[in-house]
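Quick note: the coordinates plus some simple rules give every number you see, no bench work behind them. As the structure is a prediction and not an experimental result, all values here were calculated from the model. Methodologically, a virtual Cβ is constructed for each residue, glycine included, from the backbone with ideal geometry; neighbour enumeration extends over all protein chains shown.
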Amino acid sequence: MSSKPFYCFPFWLFAIALPLVLAGCGEKAGQQAANEAAKPAPTVEVTAAETQPVEQLATFVGRVVANDKVELLARVEGFLKERKFTEGHEVAVGDLLFVIEPDQYQAIVEQREADLAKAKADQQNTAAQLKRGLELLKDKNIAQAKVDELQAADSIALASIQQAEAALNAAKLDLGYTRVLAPVAGRIGLAQYTVGNLVGPKSKPLATIVSHDPIYVQFPLTQREVLEARRDIKEKGGNPQDVVVRVKLSDGSLYDQVGRLNFIDVTTDAGTDSVTLRAQIPNPEGILVDGQFVGVVVQAGTPKSAIVVAQSALQVDQQGVYVLIVDAEGKAQIRRIQTGVPQGANIAVTQGLKEGELVIVEGAQKVRPGQVVSATPPQSPKGDAAP
């Protein structure tokens with residue numbers, strides 16, 4: 001039995017089946033549309049875009065620097081006898097911190113005192129001989145040359161006194177250096193040597209004292225940024241020292257103390273064309289620690305009015321940043337925007353939004369552009385509708 005070629009297949013069967021298939025597809029499409037229409041509009045939370053004063057902020061990376069930082073060094077050699085402080089605690093100026101064994105230095109002081117006493121006794125003798133010589137010279141009972149010798153001996157004796165006094169002062173200084181005192185107030189770190197160790201001028205620092213209140217924060221600005229800031233402040237009749245400086249901690253929170261600029265470096269880094277600025281910030285609880293990196297937020301000018309929306313409303317695609325708004329017909333629509341300075345949980349919008357437009361801040365992932373939505377105001381933390 002031979003098979004018929006494909007082109008001999010009765011095409012009249014397609015003519016009958018095709019309308020039936022199309023009719024079935026039309027019914028399914030209509031049913032789907034009906035189902036979509038029957039679904040309730042998705043509920044979204046919206047807020048009206050509003051105009052608020054926006055601070056012109058600039059953010060940099062800075063380093064915390066102590067106002068005073070002193071490394072305590074042993075100025076004389078000897079064995080550590082006592083440690084008089086608790087590591088990590090506050091110390092005041094003049095507090096006794098370490099004691100180096102003073103016995104040998106006390107003995108040297110006593111020896112120098114004896115040398116001074118001998119020098120004074122010798123000078124009394126030379127002074128008496130010179131006096132007798134001068135009396136004999138009046139009667140020509142002594143040669144002038146002998147009187148000159150007596151005069152020279154007395155001068156040498158006086159110099160010996162001065163030399164002995166200098167040696168005594170040096171010995172007293174060395175004795176004083178056996179008591180290591182705090183030259184500045186601040187918090188003292190770990191002791192690098194324990195009692196009984198031999199220390200001296202060539203040893204590493206015994207400990208470090210760091211002041212913490214107030215404290216400095218240093219950060220770099222390019223010359224262009226410095227010039228723009230100077231120009232902006234001058235136009236507004238302000239003072240550079242009134243610029244507000246805030247510190248952003250490692251967890252992203254802002255430090256509750258506010259600082260002020262107090263120094264601009266007089267030289268420029270040749271590699272980066274930047275200038276170092278320094279702000280002084282109160283640090284009563286010691287939250288900021290010498291050497292740590294922090295974010296530095298500088299208020300660059302007076303607040304300006306701008307449209308502000310919640311950052312939770314922002315979405316991003318290949319074309320950039322956008323938000324979804326609810327138009328007058330209750331449909332979600334895309335608005336391409338340009339953003340400015342963050343303001344906490346909100347962000348300034350420089351272009352693309354008008355004041356009063358309803359911006360979807362919650363539930364945007366459930367809607368498509370052009371879809372009808374049910375808009376409600378954001379809920380308060382207690383669950384009550386916000387006014």
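With the dipole of the range 69-209 worked out from charges on the C-beta (+1 for Lys and Arg, -1 for Asp and Glu) around the Cα centre, which of Ala92, Gln111, Gln124 lies farthest toward the positive end?
Sorting the options by dipole projection puts first Ala92.
If you take all C-alpha pairs in the range 69-209, what percent of them are over 22 Å apart?
56 percent
Once the piece of chain linking Val258 and Leu158 is laid out straight, how much longer is it, given 0.36 nm per residue of separation minus the C-alpha distance between them?
So the chain would gain 29.7 nm between Val258 and Leu158.
Out of Ala171, Leu181, Gln151, whose Cα points farthest toward the positive end of the dipole of the range 69-209 (charges: +1 Lys, Arg; -1 Asp, Glu; placed on Cβ)?
Checked the options; the winner is Leu181.
Which entries of Lys69/Lys172; Lys248/Lys366; Lys248/Lys354; Lys84/Lys172; Lys331/Lys366 show an alpha-carbon separation above 24 angstrom in the structure shown?
Violating the 24 Å limit, Cα to Cα: Lys69/Lys172; Lys248/Lys366; Lys248/Lys354.
List the residues of the range 181-195 whose backbone N lies under 14 Å from a point placed 7 Å from the Cα of Val99 along the Cα-to-Cβ direction.
Flagged as within label range: 181, 195.
List His89, His212 from most exposed to least, where exposure is judged by having the fewest other Cβ atoms within 10 Å.
His89, His212
With labels modelled as points extended 7 Å from the Cα through the Cβ direction, what inter-label distance (nm, one decimal) is found for Phe293 paired with Gln318?
3.5 nm
Which of Arg230, Arg187 comes first, and how do the rest follow, when ranked by fewest Cβ neighbours within 10 Å?
Going from least to most buried by this count: Arg230, Arg187.
Please identify which residues in the range 68-107 have an amide N closer than 16 Å to a label point set 7 Å out from the Cα of Arg179, following the Cα→Cβ vector.
Only 75-76, 81-85, 92-107 pass the distance filter.
Taking neighbour Cβ counts within 10 Å as the exposure measure, how do Ile360, Ile337, Ile156 sort from fewest upward?
Starting with the residue having the fewest Cβ neighbours, the order is Ile156, Ile337, Ile360.
Efficiency by 1/(1 + (r/R0)^6): what FRET value for Arg63 and Lys146, r their Cβ-Cβ distance, R0 = 51 Å, to the nearest 0.05?
FRET efficiency, Arg63 to Lys146: 0.10.
Place a +1 charge on the Cβ of each Lys and Arg in the range 69-209 and a -1 charge on the Cβ of each Asp and Glu, then give the dipole magnitude about the Cα centre in debye, rounded to the nearest 20.
180 debye
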